Amino acid sequence: MSARACRHLLKLLDRERDFLIAGDVANAARLGDLKARLLGKIETGPADPEQISTIKRAAARNRLLIEAAERGVKSAHARLRALRDGVGVNVYSAQGQRQMITKPKTTLQKRA
């Protein structure tokens, strides 16, 4: 049972990696419960040390991708907050030129 669970877990970790690379963090997160169940099955049976090592490498690889995604979300949040607060944000145009984006100044026009 353990060898089969190891194979399934490796496939699941590869699927998680594909989701993370595609930026689909929501679907990657949905795999958590299934990964936990498979780990439970692996822990109850005899395990091949080579398979366990492969699983550890795949999990470490995915952890790095998850950490990178987290940094990206935090960076985007900070940029949006800066825009909202009126602080300019540097971006690059389609032509590769650096531009500053600031919150538009709102003015109240009085009409007679």
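Taking the options 50, 43, 70, name whichever one is acidic (Asp, Glu) and surrounded by 11 or more Cβ atoms within 10 Å (Cβ to Cβ).
On inspection, the qualifying residue turns out to be 70.
Sort out which residues of region 15-33 are closer than 15 Å to residue 58 by Cβ and surrounded by 14 or more Cβ atoms within 10 Å (Cβ to Cβ), and write them in order of number.
Hits for region 15-33 are 15, 16, 17, 19, 20, 28, 31.
Give just the number: which of (1) in contact with a Ser or Thr (Cβ under 8 Å, 6 or more places away or on another chain); (2) not in a helix (DSSP H, G or I) does residue 10 not satisfy?
Of the numbered conditions (1) in contact with a Ser or Thr (Cβ under 8 Å, 6 or more places away or on another chain); (2) not in a helix (DSSP H, G or I), the odd one out for residue 10 is (2).
Just to be sure I understand, how many residues within region 61-112 are at pLDDT 90 or above, of a type outside the set (Gly, Ala, Ser) and outside any loop (DSSP other than H, G, I, E, B)?
13
For region 36-50, name all the residues that are in a helix (DSSP H, G or I), under 10 Å from residue 5 (Cβ atoms) and either modelled with pLDDT under 90 or among the hydrophobic types (A, V, I, L, M, F, W, C) (or both).
38, 39, 40, 41, 42, 43, 44 - these are the residues of region 36-50 that are in a helix (DSSP H, G or I), under 10 Å from residue 5 (Cβ atoms) and either modelled with pLDDT under 90 or among the hydrophobic types (A, V, I, L, M, F, W, C) (or both).
The conditions are (1) more than 26 Å from residue 8 (Cα to Cα); (2) at pLDDT 95 or above; (3) aliphatic (A, V, I, L, M), and residue 58 fails exactly one of them. Which is it?
Condition not satisfied by residue 58: (1).
Tell me which residues, restricted to region 51-88, are within 30 Å of residue 3 (Cβ to Cβ) and among the small types (Gly, Ala, Ser).
53, 58, 59, 60
Name the residues in region 15-27 that are closer than 18 Å to residue 55 by Cα and under 8 Å from the mean Cα position of the chain (by Cα), would you?
The one that is closer than 18 Å to residue 55 by Cα and under 8 Å from the mean Cα position of the chain (by Cα): 20.
Hey, could you check region 79-95 for residues that are surrounded by 11 or more Cβ atoms within 10 Å (Cβ to Cβ) and of a type in the set (A, V, I, L, M) and say which is nearest to residue 26 (Cα to Cα)?
Ranking the candidates gives 80 first.
The values are calculated or read from the model by the stated rules, or taken from the named source; none is laboratory data. What you are looking at is a predicted structure, and each value in this text was computed from that prediction instead of being measured. A quick note on method: Cβ atoms are made from the backbone with ideal geometry, for glycine too, and the neighbour counts reach across all protein chains shown.
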